[in-house]
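Everything below concerns the one structure shown next.
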Amino acid sequence: MNKILVTGGAGFIGSAFVRLQLREHPELHIVTYDKLTYSGNLDNLRDADPARHTFVRGDINDPDTLGPALEGCDAVVNFAAESHVDRSLNGAADFIATNVAGVNTVLDQARRAGVGRVLLVSTDEVYGSIEEGAFRETDAPHPRNPYAASKAAGELFGTAYGETYGLHVVTTRGSNTYGPYQYPEKVLPLFVTNALDGLPLPLYGDGMNVRDWLHVDDHCRGIDTALRHGAPGEVYNIPGGNERRNIELTRRILELTGRDETLIRPVADRVGHDRRYAIDGAKLRALGWAPRMDWDEGIALTVQWYKDNEGWWRKIKSGEFREYYRRQYGL
Ligand code: NAD
Ligand code: TYD
């Protein structure tokens, strides 16, 4: 591969993927294609070498911009999405526009431009909640919130383009991801940055919901493995192997930021809050992938990154975010 288009490459995971590709594949040119919604941020790509990286501002729903950007690309990796469950609970129109219709446009334009491979970045949330054990790729999706439903619908368009047009489409379902440059509406960077400022940590419900934490670099390596070695039409889970209750995660963040439990603010539960996510990663492991980041090290490094990069998150938290935070939490 010589040239890859990364949609949503100015977001959290997409920008980590761009950095990883530039680092590990010296022959590669990357085109980042991003609408720069509230969570897209060119500061996330500040280290990308301009000689090997081009940025195009555009909506994945706009074929007139996306089509030309895809010319000459060997692959497209779609990260572009509305990605926050809580926002989807306040209205799902943008989620359907980007995560369903937008994915269809990516597939259609990739087909027209003769792009050899499409990778759709999806989520473990499409399976829904599971009390015990872990979902495998053969289990039927059972999304339980509008965000997850929109991601599952987008995936189905991928399957359809494979069946109908023979397009090479691979889908990944990653678990809850953490690391540097994550927009601070998601629980981990929200709690870390609030704790650093001595602000309350709004913990939903009883704090006993379980998430499986995957370091962003391990997620990106998993996507890279599926892109290069995955079979067309297949789905690959990317688990973190680090299940934690939200209360455990919160306590760890408090320890690492030198704060105590008086900062924990129990708030009303998220409606339809999925209790536990868990996925089995054997299928991707069989292609040679394995997570490298140990949880204790990963969380410590991540908290340190937010300590060292105050400027990055303060800029975000002083903008549109403030209005969102007031609306969401009334705090
Ligand atoms: P993010 O919100 O940080 O980034 C999304 C990016 O997509 C932003 O740069 C945004 O500007 C861009 N975008 C949004 N709508 C667009 C549009 N219509 N056209 C072009 N660009 C658009 O999200 P993230 O956490 O980096 O998630 C990336 C992908 O990974 C998503 O598809 C998400 O569903 C998936 N995922 C995320 C997680 C997680 O824990 N964060 C876990 C599994 C899967
Ligand atoms: P989140 O980061 O929104 O990811 P997802 O909903 O995709 O798993 O939330 C992770 C967990 O943290 C989830 O169980 C909800 C919980 N949570 C809180 O308790 N308080 C918060 O303010 C947020 C944003 C999430």
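Suppose we filter the range 172-181 for residues that are open to solvent by less than 10 Å² (accessible area, probe 1.4 Å) and either without any contact (Cβ under 8 Å) to a residue 12 or more places away in the chain or closer than 19 Å to E248 by Cβ (or both); how many remain?
3
Can you tell me how many residues within the range 108-121 are touching a residue at least 60 places away in the same chain (Cβ under 8 Å) and within 15 Å of G8 (Cβ to Cβ)?
So the count comes out to 2.
With respect to T250, is the statement that it is open to solvent by 40 Å² or more (accessible area, probe 1.4 Å), in a helix (DSSP H, G or I) and among the hydroxyl-bearing types (S, T, Y) true?
Values: open to solvent by 40 Å² or more (accessible area, probe 1.4 Å): no; in a helix (DSSP H, G or I): yes; among the hydroxyl-bearing types (S, T, Y): yes.
Against the criterion (open to solvent by 40 Å² or more (accessible area, probe 1.4 Å), in a helix (DSSP H, G or I) and among the hydroxyl-bearing types (S, T, Y)), T250 does not qualify.
Over 18 Å from L199 (Cβ atoms), out of contact with any His (no Cβ under 8 Å at 6 or more places or on another chain), outside the structural domain of L89 (by TED's automatic domain parsing) and more than 16 Å from ligand 2 (Cβ to nearest atom): which single residue out of R270, R285 fits that description? Don't jump to the end; show me each part of the working.
Numbers: R270 fails: more than 16 Å from ligand 2 (Cβ to nearest atom).
When all the criteria are applied, what remains is R285.
Identify all residues within the range 87-102 that are open to solvent by 10 Å² or more (accessible area, probe 1.4 Å) and at negative phi; write none if there are none. Talk me through it step by step, then tell me what you get.
Initial filter on the range 87-102 (open to solvent by 10 Å² or more (accessible area, probe 1.4 Å)): 87, 89-94, 96-98, 100-101.
Of everything in the range 87-102, those that are open to solvent by 10 Å² or more (accessible area, probe 1.4 Å) and at negative phi turn out to be R87, L89, N90, A92, A93, D94, I96, A97, T98, V100, A101.
So if I check each of V187, V169, which one is touching a residue at least 60 places away in the same chain (Cβ under 8 Å) and either in contact with a His (Cβ under 9 Å, 6 or more places away or on another chain) or under 17 Å from G8 (Cβ atoms) (or both)? Write out each step before concluding.
Working: V187 fails: either in contact with a His (Cβ under 9 Å, 6 or more places away or on another chain) or under 17 Å from G8 (Cβ atoms) (or both).
None of the others qualify; the one that does is V169.
Failed condition for E125, given (1) under 20 Å from the mean Cα position of the chain (by Cα); (2) of a type in the set (D, E); (3) over 14 Å from R173 (Cβ atoms); (4) not in a loop (DSSP other than H, G, I, E, B), with all others met?
The failed condition is (3).
Sort through L214, L167, L119 and tell me the only one that's away from ligand 1 (no atom under 14 Å from the Cβ) and over 19 Å from S88 (Cα atoms). Walk me through how you get there before you give the answer.
On the way: L214 fails: away from ligand 1 (no atom under 14 Å from the Cβ); L119 fails: away from ligand 1 (no atom under 14 Å from the Cβ).
Going through L214, L167, L119 in turn, the sole match is L167.
Would you point out the residue of the range 138-165, among those that are closer than 10 Å to G233 by Cα and open to solvent by 60 Å² or more (accessible area, probe 1.4 Å), that is farthest from the chain's Cα centre (by Cα)? Give the derivation first.
Looking only at the range 138-165, we keep the residues that are closer than 10 Å to G233 by Cα, and these are 158-163.
Then drop every residue that is not open to solvent by 60 Å² or more (accessible area, probe 1.4 Å), which leaves 159, 163.
Values: T159: 20, E163: 26 Å.
Within the range 138-165, the match that is farthest from the chain's Cα centre (by Cα) is E163.
Test G298 against the stated conditions and say whether it is part of a loop (DSSP other than H, G, I, E, B), open to solvent by less than 40 Å² (accessible area, probe 1.4 Å), within 28 Å of L120 (Cβ to Cβ) and in contact with a Gly (Cβ under 9 Å, 6 or more places away or on another chain).
On the way: part of a loop (DSSP other than H, G, I, E, B): no; open to solvent by less than 40 Å² (accessible area, probe 1.4 Å): yes; within 28 Å of L120 (Cβ to Cβ): yes; in contact with a Gly (Cβ under 9 Å, 6 or more places away or on another chain): yes.
Against the criterion (part of a loop (DSSP other than H, G, I, E, B), open to solvent by less than 40 Å² (accessible area, probe 1.4 Å), within 28 Å of L120 (Cβ to Cβ) and in contact with a Gly (Cβ under 9 Å, 6 or more places away or on another chain)), G298 does not qualify.
Scan G258, G205, G233 and give me the residue that is surrounded by fewer than 20 Cβ atoms within 10 Å (Cβ to Cβ) and near ligand 2 (Cβ under 9 Å from one of its atoms).
On the way: G258 fails: near ligand 2 (Cβ under 9 Å from one of its atoms); G233 fails: near ligand 2 (Cβ under 9 Å from one of its atoms).
After ruling out the rest, the residue left standing is G205.
Just name the residue that is nearest to N176 (Cα to Cα) out of those in the range 261-293 that are in a loop (DSSP other than H, G, I, E, B) and open to solvent by 80 Å² or more (accessible area, probe 1.4 Å).
Going residue by residue through the range 261-293, those that are in a loop (DSSP other than H, G, I, E, B) are 268-275, 277-278, 280-281, 286-293.
Remaining after also requiring open to solvent by 80 Å² or more (accessible area, probe 1.4 Å): 268, 271, 275, 286, 292.
Working: A268: 22, V271: 19, R275: 13, A286: 22, R292: 16 Å.
So, considering only residues that are in a loop (DSSP other than H, G, I, E, B) and open to solvent by 80 Å² or more (accessible area, probe 1.4 Å), the one nearest to N176 (Cα to Cα) is R275.
Give the range 182-202 a look and list any residue that's near ligand 2 (Cβ under 9 Å from one of its atoms) and open to solvent by 20 Å² or more (accessible area, probe 1.4 Å), or say none.
Once the filter is applied, which keeps residues that are near ligand 2 (Cβ under 9 Å from one of its atoms) and open to solvent by 20 Å² or more (accessible area, probe 1.4 Å), the range 182-202 yields K186, V187.
Please work out if D218 is in the same structural domain as L36 (by TED's automatic domain parsing), closer than 30 Å to D108 by Cβ and more than 13 Å from ligand 2 (Cβ to nearest atom).
Numbers: in the same structural domain as L36 (by TED's automatic domain parsing): yes; closer than 30 Å to D108 by Cβ: no; more than 13 Å from ligand 2 (Cβ to nearest atom): yes.
Here the answer is no, as D218 does not meet what is asked.
Let me confirm something: among R228, R292, R252, which residue is in contact with a Lys or Arg (Cβ under 9 Å, 6 or more places away or on another chain), at pLDDT 95 or above and in the same structural domain as A148 (by TED's automatic domain parsing)? If you could, list the steps in order and put the result at the bottom.
Working: R292 fails: in the same structural domain as A148 (by TED's automatic domain parsing); R252 fails: in the same structural domain as A148 (by TED's automatic domain parsing).
None of the others qualify; the one that does is R228.
So, P68, is that one more than 11 Å from ligand 1 (Cβ to nearest atom), in contact with a helix residue (DSSP H, G or I) (Cβ under 6 Å, 6 or more places away or on another chain) and under 20 Å from G116 (Cα atoms) or not?
Numbers: more than 11 Å from ligand 1 (Cβ to nearest atom): yes; in contact with a helix residue (DSSP H, G or I) (Cβ under 6 Å, 6 or more places away or on another chain): no; under 20 Å from G116 (Cα atoms): yes.
Judged against the criteria, P68 is not a match.
Among the residues of the range 21-39, is any modelled with pLDDT of 95 or more, within 19 Å of the chain's Cα centre (by Cα), on the phi > 0 side of the Ramachandran plot and near ligand 1 (Cβ under 10 Å from one of its atoms)?
Yes, the range 21-39 contains a residue that is modelled with pLDDT of 95 or more, within 19 Å of the chain's Cα centre (by Cα), on the phi > 0 side of the Ramachandran plot and near ligand 1 (Cβ under 10 Å from one of its atoms).
The values are calculated or read from the model by the stated rules, or taken from the named source; none is laboratory data. What you see is a predicted model, and the numbers here were worked out from it, not measured in a lab. Cβ sites come from the backbone with ideal geometry, for glycine too, and all protein chains shown count toward neighbours. Just the protein is used for accessible areas: all its heavy atoms, side chains included, with ligands, DNA and RNA removed. Shrake-Rupley method; radii C 1.70, N 1.55, O 1.52, S 1.80 Å.
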